[in-house]
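Note sheet for the following structure.
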Amino acid sequence: MVKRSAGRKTLASLAAELGVSRTTVSNAYNRPDQLAPETRERILAAARARGYSGPDPTARNLRRRFAGSVGVLLTDHLTYAFEDMATVDFLAGMSAAAESGDSNLTLIPVGPDGGTEAAPSRIGGAAVDGFVVYSVAADDPYLKAARERGLPMVVCDQPTDTGLPFVGIDDRKAIAPAAQALVDAGHTRIGILAIRLMRARRDGQISCEELRGADMHVQRSRVLGALDVFEQAGLSCADIPIVTRHINDPDNATDAAAELLGAYPDLTAVLCTTDSMALGVLEYARSKGLSVPGDLSVTGFDGIEPALFRGLTTVIQPNKEKGRAAGEVLRQLIAASEGGPWDKGSPVRRLLDTEFEPGSTVGPPRG
C-alpha cells in the first residue's frame, strides 16, 4: 500500500493551520457563494502557498456515492469511434453535455463482434453514474448488463423499443427524400448499400426476407424507408439488390460498391444508408472512370463534412445535437436519482429533425 507523503497537505491539515473548519475550506472550492470573498481568497492563497490543490475528488465522490462520469457504450472499436465522422460528431455533443454538467466521459467500446462472456465484468466494473447506449441490437449482452446495473440510462438510435429514455430520429421517414430524389430523376435500376444490419456478422447481398428479420433497427429502418418510396413508384423489394457490410470503414465501403456494381452493372443509381458508404461508391466510380451523376447517381445519409464538401446528395441528421440531447437527458436522470434509486417513470422519447441536402450527385439515368 502506498503511504501518504508526510509533507502532503490535506483539507483537514490546512483547516487546522488556518483555524477554520474543514467545511469552510471545502466551501472555498466547492461552494464559493457560502463564503465572504475575502475569506475564500485567504484560504486559496494559503492553499497555493502550501501546495494544496483542493479536496480529493475521489473521496468527495465516494461520500456523494457518485463517480463523476457517464459511460458511453459503443459497439465499435475505439479507433473507429475517432475515425467515423458521424460518431465523432455524436461524441462531441456528448462531451458538451458532460462539460456543462461538470462530469467526464468514460468510453466503453465493446467492438462489433463483442462476446457475451465479458459483458458483465466490463459493464459491472465501469465507474460511472449512468449510461448512454449508442446504437446496439435489442438482444445485445452489453445492453442487458448495463440494465442490470440499475443506473440511469439513455438509449441513442437503437434499439427503439426498450421502454428506456430514447434519443434519436425517425430513420424510416428521414431517408425518404433521398429515395424520392432518385425516383423523381427517373431511375428504375437502383441498388442499396447498408452497413451492419445484423448483430451477427454478415457481409454480402441479403434477401428481402432477411431484411425484415434484421435486428439492427437503424439500418433496417433506413432500407425499409427507401423501399417504401420505391414500391410506391412500382419497384418491388425483389427488384432492388441490397448489399451490406458489417464494418463501416472506407475499405469495406469501396468493396461493397464493387460487389454491388460488379454483380449488377446495369444499375444507374445507388442509395446508401450512410455517407461513408456513399463515399466508397464515389471512390469506386472514380477508379472505374464512371462519372457521377452522369453514369451513376449516388445518395448518402448523415451529412458528415467530407460528404457535404464533395456535394453528395444526402440526408443531414443532427449527430452533434443527438449526442448533446442524450447527455442532457442522462444528466437530468442522474440528478433526479441523487437522493435514491432511479425512478424510470414515463421515459423521455426525443426525436430530432433531419434535413435533406439535394447536393449534386443525382441526375437522370444514363442512356
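The values are calculated or read from the model by the stated rules, or taken from the named source; none is laboratory data. Predicted, not measured: the structure shown is a model, and the values here were computed from it. We place every Cβ from the backbone using ideal geometry, glycine too, and count neighbours over all the protein chains shown. When the accessible area is computed, the model is the full protein with side chains, heavy atoms only, and any ligands, DNA or RNA have been set aside. Shrake-Rupley method; radii C 1.70, N 1.55, O 1.52, S 1.80 Å.
A few points about this structure:
- The Cα atoms of the stretch 171-317 give a gyration tensor whose axes a ≥ b ≥ c have a/c under 1.5, which makes the shape rounded.
- Helices in the chain, meaning DSSP H runs of at least 4 residues, each add -39500 (n - 2.57). Divided by all residues, the mean residue ellipticity at 222 nm is -12500 deg cm²/dmol.
- Dipole in debye (nearest 20) - the stretch 150-243, about Cα centre, beta carbon charges: Lys, Arg +1; Asp, Glu -1: 240 debye
- Size of charge dipole - the chain - debye, nearest 20, with Cβ of Lys, Arg +1 and Asp, Glu -1, no other charges: 2080 debye
- Helix axis angle, 250-263 relative to the chain longest principal axis, alpha carbon, degrees: 20 degrees
- The stretch 133-189 versus the stretch 276-340: alpha-carbon centroid distance in Å: 14 Å
- Of all DSSP-defined beta bridges confined to the stretch 171-317, some 20% are antiparallel rather than parallel.
- In the chain, the longest principal axis of the Cα atoms and the axis of helix 85-100 are about 20 degrees apart.
- For the chain, the per residue solvent-accessible surface stands at 47 Å², with DNA, RNA and ligands left out and a 1.4 Å probe.
- Leading residue at positive end of dipole, the chain (Cβ point charges), from I206, A325, A126: A126
- Bridges between two residues of the chain, per DSSP, are antiparallel at a rate of about 15%.
- Helix 319-336 axis, angle to the chain major axis (alpha carbon atoms, nearest 10°): 40 degrees
- Annotation for the stretch 156-216: trypsin sites (Lys or Arg not before Pro) lying in DSSP loop with at most 11 further Cβ atoms inside 10 Å of their Cβ are R201.
- Cα-based equivalent ellipsoid of the chain: semi-axis lengths in Å, sorted from largest, via gyration tensor: 51, 21, 18
- For the chain, the longest piece that avoids every one of the GluC sites (Glu not before Pro) found in DSSP loops with at most 15 other C-beta atoms within 10 Å covers 118-337.
- Two-decimal log10 I(q)/I(0) for the stretch 115-221, as the Debye equation yields it once each C-alpha is a single scatterer, q = 0.14, 0.19, 0.21, 0.23 Å⁻¹: -0.67, -1.03, -1.16, -1.28
- Computed from point charges on the beta carbon alone (+1 for Lys and Arg, -1 for Asp and Glu), the dipole magnitude for the stretch 212-296 about its Cα centre is near 80 Debye.
- For the chain, the carbon plus sulfur part of the accessible surface works out to 49%, probe radius 1.4 Å.
- Gyration tensor (alpha-carbon) shape descriptor, the stretch 219-294, a/c threshold 1.5: oblate
- Rough spin-label spacing in nm, given labels placed 7 Å along Cα→Cβ, for Y29 and L308: 4.2 nm
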